[in-house]
Amino acid sequence: MDLIKLHGRKAKMLLVYPDYTDRDISFKGTGGNYMEGLASISAVLKQAGHSVSLMHLLNLHTEEDYKKRLLSMGEFDIIGFSVRTTAFPDVINYVKWTKEACPNALTVCGGYHPTLVPEEVLKVEGVDCICIGDGEYAELELCDKMTADEDYLDVKSLWFKLGDGSFKKNPIRELFSDLDRLPIPDFDLFDYDNLESSKVNTAIVVVSRGCFYNCTYCGNGNFRKVYPNKKIYARFRSPENAILYLKTLLEKHPYIKYINFRDAIFNMFPDWFDTFIEMYKKEIGLPCTGNIRFDILTEDTVRKMKEAGFYTIDMGLESGDQEMRFKYLRRYQTDEMIINCSQWFHKYGIAQLTYNIIGLPHEDIHKALKTIKLNARMKSDRVIPNIFYPYEGTVLYDISKEAGFIPEGDLTKRRVPLVQPQFPEEQVLFIEAYFMHFVKRYQRAFRMKGKLGKAYERWLDKRVTGKHVPYKFYVWLHDCYTAVRNSMKDFAVNHLPKVYLKLRMLKHKKKAKKD
């Protein structure tokens, strides 16, 4: 490959962000989502004088529309793609079309998928380079060397495809422990005021990186392994710097009234948490949400979160079958522990949102029903049932592959990626569709005393696992309902955001009063 030389000129970079899950090509999404990693890369490059633009893809593009939009954005030296696994099939096309429209630009792929399966991504037609792991300072060194007309093929964390088709695999640069080294993210990279979250006065915020747990369905365990100093993979900005981050964001966008912390585990480091939460309460004080983990939670933590303004706490329950959690997920949390922790949220009037996984390898409908029942016993206020996706490089991918559950072809086009004889697709989709419906009804059954409650529970069991349940019909019915509901929600968020916000907060206030 020919090196790009800029003869002293600063580099121009375009970041391409496929930000959609609905692959209906006729759908034109609005708003889109904020991505911290891209905003951070942009901040580092702009701090050094380079220019960065964003091509925010809110729907699946045709070749004609993609090329027209790309060319309208100007000329760039580097075009970088953010690649998650489920978007990879589309990125293959986008990269090909980019090379045809802009043959002189260096195409770089970064993100989760290139980090997990680097060679698979680098061999794609049109991909010149991949970035493994954190990209800020690898991209900065690349841009600086282009400006200085230096050879950049030895930049750490970058792998290059050479002219003969071979790969130049550079070592991965060490992690830096101090996240305060990073500038405040470049929020202006996005059309921030029109983001989906911004329309409801909410900011998506990330003040940490990594996680020190090894859940088998998550890529964090393998992401950590790529670094030579993996022990410091989980890191937070200092409490003072995190507050500066928030103040900068609020100064730019004063209409923000809610903070949504999207850190992997917000209570991962108790000492950091205690210091930050006190500063947040005094200096920010906005209603907020965040992710926690059961086995490092205390009642005092929940109390402090309530005092600081947390109105919802998100937690990964994943499976209600304790054997599944222990054997396949490596989440060593007992049912008793989970139920006891949930009582603290009710005590302090904080809504609970649980993340659940349906269609895990070796799961069946009876084990999935245990997840519904555990949510009912916890008195969960909101649930998100996600259908399991086997990400390459994870332990559960290997387990699924070895068991023969992964079919040939593009898994992103399948509603249920795994093919399991004991848990057919229509049953997985049924559990996902009617998850909260049955959580509420089992909550009612558990409130009943004596034989009546037991009889109602057995009747519900038959409605879920009975031999003659018309699963396919119920799934079709729910699909129709979901299409209407989502259309109404999208309309409310985009055209009646104040009404949507008022209804959302009214729900949480009712929850707090009830408890």
*Could you say whether any residue in the range 101-112 is under 21 Å from residue 20 (Cα atoms), in contact with a helix residue (DSSP H, G or I) (Cβ under 6 Å, 6 or more places away or on another chain) and open to solvent by 20 Å² or more (accessible area, probe 1.4 Å)?*
no
_Any residue in the range 261-272 that is small (Gly, Ala, Ser) and at pLDDT below 95 sitting within a Cβ distance under 8 Å of a residue that is open to solvent by less than 50 Å² (accessible area, probe 1.4 Å) and not in a loop (DSSP other than H, G, I, E, B)? List the pairs, counting only those 6 or more apart or interchain._
264/208; 264/220; 264/291
_Wholly within the range 110-221, helices (runs of 4 or more DSSP H) carrying at least 1 residues that are within 30 Å of residue 328 (Cα to Cα)_ = 112-116, 118-122
*When both residues are 6+ apart or on different chains and their Cβ atoms are under 8 Å apart, which pairs have a first residue that lies in the range 383-398 and is under 11 Å from residue 431 (Cβ atoms) and open to solvent by 30 Å² or more (accessible area, probe 1.4 Å), and a second that is of a type in the set (A, V, I, L, M) and part of a loop (DSSP other than H, G, I, E, B)?*
387/416
*Picking from 71, 54, 58, 38, which residue would you name as being more than 21 Å from residue 184 (Cα to Cα) and either at pLDDT 95 or above or open to solvent by less than 30 Å² (accessible area, probe 1.4 Å) (or both)?*
71
*Going through the range 452-483 one residue at a time, which ones are part of a helix (DSSP H, G or I), modelled with pLDDT under 95 and among the charged types (D, E, K, R)?*
479
*Give the range 352-382 a look and list any residue that's part of a strand (DSSP E or B) and either open to solvent by 50 Å² or more (accessible area, probe 1.4 Å) or closer than 16 Å to residue 433 by Cβ (or both), or say none.*
355, 356, 357, 358, 382
*Residues in the range 3-21: is at least one over 30 Å from residue 151 (Cβ atoms) and either open to solvent by 50 Å² or more (accessible area, probe 1.4 Å) or among the β-branched types (Val, Ile, Thr) (or both)?*
yes
*Pick from 373, 367, 401, 379: which is farther than 26 Å from residue 462 by Cα and at pLDDT 95 or above?*
401
*Where residues in the range 128-145 are open to solvent by less than 20 Å² (accessible area, probe 1.4 Å) and over 14 Å from residue 169 (Cα atoms), which of them is nearest to the chain's Cα centre (by Cα)?*
135
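The values are calculated or read from the model by the stated rules, or taken from the named source; none is laboratory data. What you see is a predicted model, and the numbers here were worked out from it, not measured in a lab. In this analysis, Cβ positions are derived from the backbone assuming ideal geometry, glycine residues included, and neighbour counts consider all displayed protein chains. Heavy atoms of the whole protein, side chains included, go into the accessibility calculation; ligands, DNA and RNA do not. Shrake-Rupley method; radii C 1.70, N 1.55, O 1.52, S 1.80 Å.
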